[in-house]
Amino acid sequence: MKRSFQLKALAFFVCAFLVSTMAFGQMGKDGKPIPSPRDSVSGTVAGSNIKIWYGSPSVKGRKIFGEKEPWGKVYRAGANEATTFTTSKDIQVEGKLLPAGTYGFFVIPMQNGKWTVIFNKVAKQWGAFTYKQDQDQLRVTVTVKSIPLQERLVYKLGAGGFSMDWENTSVFVGVGPATAGK
């Protein structure tokens, strides 16, 4: 009976440790929750394993696109570290080849609704502060659409591609399998 009690006590303390570690993992140095926690989405799209890793900021009553994130400027497509996009296989993005790999993912918001989507060879960057266009692997243009308010930035994967949804904007990027002739 004493052994059973010790095992239960140990299990309780291990669980408590894991829960507190996860809770503090999303806390800042001041002990408060960080305003733009890291998040990710992964799944299979066009036969490739895709993972998007990003910081998820909130609108918090602000005007995001056109003010906080100005028109015509490269945006890290998340918060803090640049968003990363990983594909396990070559894929077609909006009809253009993107080789397997991990990329920094950026967008250029445009007031006319035709946004540039960028896959940059430098995956690990802080924001877009050191972004260099000559390191782009691929740029495509997509048309964004209006959506009901999305408070926290989120990425969604679907059968035909993925989207970045935030504020009142959805940026959908079409993805298909790479063709044999590339």
Around residue 45, which amide H atoms from residues at least 5 apart in sequence, or from another chain, sit under 5 Å from its own amide H, with H modelled in the peptide plane? 50
Roll a 1.4 angstrom probe over the protein heavy atoms and tell me the percent of accessible area of the range 102-182 that is carbon or sulfur. 55 percent
For the range 148-161, in order, what is each residue's ³J(HN,Hα) by Karplus, 6.51 cos²θ - 1.76 cosθ + 1.60 with θ = phi - 60°, in whole Hz (x at glycine and Pro)? x, 3, 10, 4, 9, 4, 9, 9, 10, 9, x, 4, x, x
Under a point spin-label approximation (7 Å from Cα along Cα-to-Cβ), what is the residue 38-residue 89 distance to one decimal in nm? 2.8 nm
Sorting check: for 45-55, 127-137, 78-88, which peptide has the highest mean count of neighbouring beta carbons within 10 Å, and how do the rest follow? 78-88, 45-55, 127-137
Below 12 angstrom from the Cβ of residue 143, what's the summed charge of the other residues (Lys, Arg +1; Asp, Glu -1)? +1
With a probe of 1.4 Å, find how much accessible area the range 30-85 has per residue, and write the answer as a whole number in Å². 47 Å²
With x for Gly and Pro, the residue-by-residue ³J(HN,Hα) of the range 46-51, computed from phi through the Karplus equation 6.51 cos²θ - 1.76 cosθ + 1.60 at θ = phi - 60° and given in whole Hz, is 6, x, 10, 7, 10, 9
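The values are calculated or read from the model by the stated rules, or taken from the named source; none is laboratory data. As the structure is a computational prediction, the values presented were derived from the model and not from experiment. Glycine gets a Cβ as well: all are built from the backbone with ideal geometry, and neighbour counts include every protein chain shown. Note: accessible area is taken over every heavy atom of the protein model, side chains too, but ligands, DNA and RNA are not part of it. Shrake-Rupley method; radii C 1.70, N 1.55, O 1.52, S 1.80 Å.
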